[in-house]
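None of the figures in this text is laboratory data; all of them are computed from the coordinates on show. Keep in mind that what you see is a predicted model, and the values were worked out from it rather than measured. Glycine gets a Cβ as well: all are built from the backbone with ideal geometry, and neighbour counts include every protein chain shown.
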Amino acid sequence: MDSENRDRIETRLRYANDLGLGPFYLNRSSTQTQSFGAAAQASKVAQAPNVAPAPNASTVSAPSEERPEKTPEKRNAPSISASALPVPVAAISNRSASVVSAPAKPASASTSFMPLPSGLSLFDERIEGDSLGLIREAIGDNCTRCKLHKGRTKLVFGVGNPKAELVFVGEGPGRDEDLQGEPFVGRAGKLLTQMIEAMGLRREDVYICNVVKCRPPENRLPEKDEIITCSPFLMRQLAVIQPKVICCLGSCSAQTLLQTTQGISRFRGEWFDFRGSKLIATYHPAYLLRNPNAKGEVWKDLQKVMAVLGLQPKRK
Ligand code: URA
């Protein structure tokens, strides 16, 4: 995007915020259509502008399965403002022989999902000329946009192939990631690497990133304000890479991208359309470390991804 266009958009966003309209462009329920497939097509080129919208009342409860210290039900689920997050998408689409699409459970439980835009607007446009480098630059070296910066050692932007067909999205860096500045390098990361290799890929073939770029203290889940502040950068990363498949690791990333309150086990393994990419959610590797019995389920999900990407499992 040239600087004139950028200025124009920033000015309009500032103007809207000054008017108290906040993230009006993300919540156009009056034009909502129930036809998720068609709406998802319309949102194909959607790109969230890089502003941190104000939180509001509607909430999305977050996940449950990843962090070791709490059981799924007991965990204090943070909530994220549904309408304050970047452009919503939640559509089951593209059923084909190789893509197993279960019934659209989350989408049909309508109130849990954000309404979908029925058409494009200024705010659905991609940032022309955007790149991972520009996004990294935009975040800056000393980001203080949210409170996570206080405990941060290194910001963890993302790693891998900028043209990857497959992107894995986790929730946020842990201790090892915070020290090394690279996502998924701890125990859960080693398991993720094994999963990637079992799919016949190498770590450097895919792209790996998180919803928030700085480590939440004590490995807690990212909180609402942190997700709202940081997720626009994730949206930009996904818009630049335009992967064929996005694989959400755990409910934090799945709920953030799908804008749902539903627990991951309700829609794990099902296909969604996310701005032209296919999106699937599976359990977080950290959950698998504690629940090895769930590995079979995850492998089934990864096999669906492999079918879409035409991959053969690694030979032993
Ligand atoms: N867990 C995540 O969600 N992301 C990481 O980068 C590491 C652990």
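For this structure, a couple of remarks:
- Listed cross-link partners Lys224/Lys304; Lys224/Lys295; Lys154/Lys314; Lys163/Lys295; Lys190/Lys300 are compared with a 24 Å cut-off, the Cα-Cα value being larger for Lys224/Lys304; Lys224/Lys295; Lys154/Lys314; Lys163/Lys295.
- Gained length - Trp299 relative to Lys147, 0.36 nm times residue gap less alpha-carbon distance: 51.1 nm
- Label-to-label distance for Lys190 and Lys314 is 1.4 nm, based on points extended 7 Å past Cα in the beta-carbon direction.
- Euclidean distance of C-alpha centroids, the stretch 231-279 and the stretch 151-198, integer Å: 16 Å
- For the pair Glu218 and Arg175, the difference between a 0.36 nm per residue extended length and the Cα-Cα distance amounts to 14.6 nm.
- Sorted from longest to shortest, the spans of the Cα atoms of the stretch 120-235 along the three principal axes equal 42, 34, 22 Å.
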